[in-house]
1. Restricting to helices (runs of 4 or more DSSP H) lying wholly in region 165-250: which have 1 or more residues that are over 30 Å from D15 (Cα atoms) and in contact with a Gly (Cβ under 6 Å, 6 or more places away or on another chain)?
2. Within the bounds of region 237-247, is there any residue that is over 15 Å from the mean Cα position of the chain (by Cα), over 26 Å from E142 (Cα atoms) and modelled with pLDDT under 85?
3. Please go through region 14-28 and pick out each residue that is in a helix (DSSP H, G or I) and under 19 Å from T222 (Cβ atoms).
4. Checking the structure you have, find out if any residue of region 71-78 is farther than 20 Å from G230 by Cα and of a type in the set (S, T, N, Q).
5. Can you pull out every residue in region 39-76 that is part of a helix (DSSP H, G or I), within 30 Å of D177 (Cβ to Cβ) and out of contact with any strand residue (DSSP E or B) (no Cβ under 6 Å at 6 or more places or on another chain)?
6. Being of a type in the set (A, V, I, L, M, F, W, C), modelled with pLDDT under 95 and assigned by TED's automatic domain parsing to the domain that holds L145 narrows it down to one residue among I16, I29, I25; which is it?
7. Is at least one residue of region 209-227 within 21 Å of C176 (Cβ to Cβ) and aromatic (F, W, Y)?
8. Let me confirm something: among A182, A134, A155, A189, which residue is modelled with pLDDT of 95 or more, small (G, A, S) and in contact with a strand residue (DSSP E or B) (Cβ under 6 Å, 6 or more places away or on another chain)?
Amino acid sequence: MKILRLALSHDLRTDIPEDERQYVIAERILEEATGSDWETALKPIWPADRLPALVDRWVTEERPDLVVVNLGGYWASFGSVALRLERRVPVAGPILARAARKTAETRVAANSRAAEFVRGFGARAVGVEYYFEAGYLLTLFERILRQLLRDERLAIAVRGPTRIPQRVSPRIQQECDRRFWAWHNSMQATCERLHVAYLPFDPEMERLGAGARMPGDPSHYTIEGTRIQGQREGELMARAWRAAHAPVTG
């Protein structure tokens, strides 16, 4: 049995042992729930107009039994200083943005709370930008879901976006929250309307200081956060599989 996982950066991290990665934990939970062996085909995604055609091609190539659509909160609601520099500062902006992103990706920065304080200072001093609007993302991913639903043999699961905690000003935080809930709630409503299994945001798990997020890189999970989220995603897949294969009655 095969899972096609539309993956985010969590699934590609080399600093976590393979058997501790989110998709592997989720796969084990699904195997326990179904009594079948599963393998996962990872396809990293980023929102773009060409994504529906890519997903269609991957389904044709991989012939999955279940598709997991992972939605990034980062796309709509993470206030990025690097993106602000890239878009607003001529010539030097893109260079500074690349340097900032490269530094943030290092293990030292990711595990240092000081890195998040520096990012928060930059947000106050320079401002932030956001990658996508919720409306664009909703239109794009509703199109993908409707496309997947045409194949009646597929089980489909959607892991909703998660809110990334940031140390920013109240004004920026208010805008981040507004954008996040617009994205999260619109997709939840779409999945309910289309009868697609949806995993909502867990505010208790994700609260600032809970230990689920890396102190210097809040867009990624700690080992403990990875385990919890992998468990939740496995349960989501099991729910989607049961719904797709429920006996027809009456």
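1. 170-194
2. There is at least one residue in region 237-247 that is over 15 Å from the mean Cα position of the chain (by Cα), over 26 Å from E142 (Cα atoms) and modelled with pLDDT under 85.
3. Hits for region 14-28 are E18, D19, E20, Q22, Y23, V24, I25, A26.
4. Within region 71-78, one or more residues are farther than 20 Å from G230 by Cα and of a type in the set (S, T, N, Q).
5. L51, P52, V55, W75, A76, listed by residue number.
6. On the way: I29 fails: modelled with pLDDT under 95; I25 fails: modelled with pLDDT under 95.
Criteria check complete, one pass: I16.
7. Checking region 209-227: at least one residue is within 21 Å of C176 (Cβ to Cβ) and aromatic (F, W, Y).
8. That would be A155, the only listed residue that is modelled with pLDDT of 95 or more, small (G, A, S) and in contact with a strand residue (DSSP E or B) (Cβ under 6 Å, 6 or more places away or on another chain).
The values are calculated or read from the model by the stated rules, or taken from the named source; none is laboratory data. Quick caveat, the model's predicted, so the values are computed rather than measured. Quick reminder, even Gly has a Cβ in these numbers, built from the backbone with ideal geometry, and neighbours come from all protein chains shown.
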